[in-house]
Amino acid sequence: MLYAWNVSIRDADPRIRNLWIKSVRVAKTLFRFINISQFQVIRRWANEVQESVSSENHMVQYHALALLYHIRSVDRLAVNKLVQKFSKNLLRSPFAICYLIRISAKLLDEDEQADPSLFTFIDSCLRHKSEMVVFEAASALVNLKTSTASELAPAISVLQLFCSSPKAALRFAAVKTLNKVSVKHPNAVMSCNVDLEKLITDGNRSIATLAITTLLKTGAESSVERLMKQISSFVSEIGDEFKIVVIDAIRSLCARYPRKHSVMMPFLYSMLRSDGGFEPKKAIVETIIAIIEENPDAKAAGLSHLCEFIEDCEYDVLSTRVLHLLGREAPHTTNPSSFIRYIYNRVILESTKVRAAAVTALAKFGAQCADLRSSIEVLLRRCLLDGDDEVRDRATFCLKILTSGNNALISAFILEGLQVSPTGLESCLLNFLQKSNFSEPFDLRIVPVTSQPISKPETRRIAALEEPEMPAAKAPAAQPFAEELAKIAAFRPLGPLFKSSAPTALTESVAEYTVQLIKHVYANHVVLQFNCRNTLNDQLLENVHVELEDPEGDWAVEHDIPIESLPYGETKPAYLLLPFPENGSVTGTFSAALKFKVKDVDPATGEPESDDTYEDRYVLEEAEIAVADSVQPSAKQSFAPAWQALDEAETAEETFQLSTVSTIPEAITKMTALLGLAACERSDRVPEGKSQHTVVLSGIFRGGFEVLSKVNFAIDPSDRSINMHMLIRSVDNTVATILASAIA
């Protein structure tokens, strides 16, 4: 079929030519997955496609450019040449120009050293006669990751002009884009505030909502009350989607002006009590919770509003979320007993799920308020008569723990959730049932842990019409790796996977061969996974493996799993298995090199030109195993009881003077990265202007050993250096010593 299409189309009707181009684009995508040799057929038609880019028909030109880009997308240099060629006023189709703008923006985002002419081209499109092209250029500029305020100015000016356009579509597009920009660059959008205020009375409520939420993000503190009154006038007329946008803007405003919570909270509560669907109510509840967590002064009012809300809440999910918050925060208020009535009402009136959550919340009051414990025990005894076994079991369990008076048990089983991987727990239990003769009890320490308790709900983050960004280096979940590694026979006896690290690049992104390192830590071993990619289309790599050299001689490779064949454009993993040294060391720095055999291939077909191979070696960056690789961050919800429970354990104590950091937040970030611990109770947030601060940290060391730490920071007024005093406790003294040595 494809061969039949390869005919001369120079003189064909534009509609036929456009159909041909679109058909080839679809076929080319299909053959990527069906047959690589057929894909090469399409690549040979680049000349015909390039001639079609010169067509006078706008749609033909657009589809031809898109197909030409996909043909060359695997070659960055060819894509750069493509953009440079067609950016010189060779395109008439506004659709094609918009596509070229998107290609240029993608190149700028992917490479910080990209050709500056790409930015110049996008900037020049701001003066195009087509409004579609102008908006596409402005949108591309404001969405560039590396854009500065000065570079945004021309795009902001164009969007400001669109705000006054008689066309509703242009006004909506402009104000929506400005709304997104205001999240990262509020000062750059402030010049548009006068035009945005005119849009508050726009007949299109979507435009009015976006305008006022943008003003909430960029306006001054003195204008908050006025803006809130204007929102109140039409908030009941807008749909749920835009109510969520308003709520997110209010949340952002509360973060900027904490003192204005007294204005925001009643407005949010009135929205919560009004008619609406689940999503806006969920957004309001999460916003109030965020305000409570970030602003202690708003805690009492926020908890009171939420207590009133759950009195007649029809959504079990929101009721349990609020009950969880009450159990965590209300015991620390000045009058915790005032909240117990609202919680116990849920035990009497609500569904099974809500009653069970209320029992847990009551138990947390008894665990943290000694003067209320006897009253809480009375209420829990009443719950023993509940008609549902889940509620009765929780009440029985919590009552038994509270009446024991053991602070360690109360902290571990009531105040803290079970911080293990659910799928990992299931896997370990199945293995225990299959292999054990039940002579020994099941050891929970072998179960992989998570960074948060499995019972703790996730907090919704600000996303006011904003596309989510992928973090630069986020640690992947351990469980998908565990399933993949379990398929390899050499790794099955290692036991459950404890932790997998974030990918670390061992080569430049533009190198001939790229390698990323992922470290998988087990109880007694480390598996190093090297994801290798071949970027040379005239080479086929065989027997690809990584060679490590330890200068100290502590580490030794126990098993090496190479990549048998690595064709062009593919990424495959090679593995090395290293046991932890017998001397107790958990750190190591290795020189690394990629070793492989090269076979020359035809770039067009990928077929080997001969059976001859030659060996080659490519030097990589150093690979490092750090202390943090053996620690899983695990934040405690209540740190003080857990710290007191380890009073009998020895405490490792160290004092340091930090010369490489200049601020306390920077010191906290680097210290937590070195230790691998998680900050508890939001103690990593440092108020502005504070010269002394204490951070409390917790985590799980490899083998299931709990680690707690208190770190005091103080700025020395004489030389502005930062002094750090660190205390570390663990049930294993060796673990505490290892973590204390990580800073040095």
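Things worth noting here:
- Note: relative contact order over region 478-625, using C-alpha pairs below 8 Å and six or more positions apart, is 21 percent.
- Scalar couplings 3J(HN,Hα) for region 635-649, obtained by applying the Karplus form with A = 6.51, B = -1.76, C = 1.60 to θ = phi - 60°, are 6, 7, 6, 10, 7, 4, x, 5, 5, 5, 5, 9, 4, 7, 6 Hz; x denotes Gly and Pro.
- When the pairs K176/K198; K184/K499; K299/K670; K299/K364 are compared against a 23 Å limit on Cα-Cα distance, K184/K499; K299/K670 fall above it.
- Using θ = phi - 60° and Karplus 6.51 cos²θ - 1.76 cosθ + 1.60, couplings along region 572-587 (whole Hz; Gly, Pro as x): 9, x, 10, 10, 10, 10, 10, x, 5, x, 5, 7, x, 5, 10, 10
- Close amide-amide hydrogen proximity is noted between A505 and L517, each under 5 Å apart and 5 or more residues distant or on a separate chain (H modeled in the peptide plane; Pro and chain starts excluded).
- Radius, Kirkwood style, for the chain when every pair of distinct Cα atoms is counted (Å): 30.6 Å
- Normalising the average separation of contacting C-alpha pairs (under 8 angstrom, six or more residues apart) by the number of residues puts the relative contact order of region 116-160 at 35 percent.
- Sequence-distant residues sharing a close amide H with V601 (under 5 Å, placed H): Q539, L540, E609
- Extension gain for K81 to N437 (0.36 nm times residue separation, less C-alpha to C-alpha distance): 121.3 nm.
- Low-density loop positions, GluC sites (Glu not before Pro), region 299-383 - DSSP coil, at most 12 other Cβ in 10 Å: E311, E314
- Loop-resident trypsin sites (Lys or Arg not before Pro) (DSSP state other than H, G, I, E or B) in region 170-202 with no more than 16 further Cβ atoms inside 10 Å of their Cβ are absent.
- Estimated distance in nm for a label pair at R382 and E225, the labels positioned 7 Å out from Cα along Cα-to-Cβ: 4.4 nm
- Spacing of the two label points (7 Å from each Cα toward its C-beta) at E241 and T737, in nm: 6.2 nm
- Remark: relative contact order (the chain) = 6 percent; criterion is Cα-Cα distance under 8 angstrom and separation of 6 or more residues.
- The distance linking region 650-691 with region 118-192 is 40 Å (Cα centroid to Cα centroid, whole angstrom).
- In terms of surrounding Cβ atoms within a 10 Å radius of their Cβ, E440, E624 rank from fewest to most as E440, E624.
- Extended-chain gain in nm, criterion 0.36 nm per residue less alpha-carbon gap, K670 and T535: 45.1 nm
- Karplus 3J(HN,Hα) series, Hz, for region 721-732 with 6.51 cos²θ - 1.76 cosθ + 1.60 (x for Gly, Pro): 7, 10, 9, 10, 10, 10, 10, 10, 10, 7, 5, 10
- Between the amide H of K499 and those of V521, distances stay under 5 Å, these residues lying 5 or more places away or on another chain, with hydrogens modeled in the peptide plane.
Each reported figure results from applying straightforward, stated rules to the coordinates on display, with no laboratory input. Remember, predicted model here, so these are calculated numbers, not experimental data. Cβ coordinates were reconstructed from backbone atoms using ideal geometry, including for glycine residues, and neighbour counts include every protein chain displayed.
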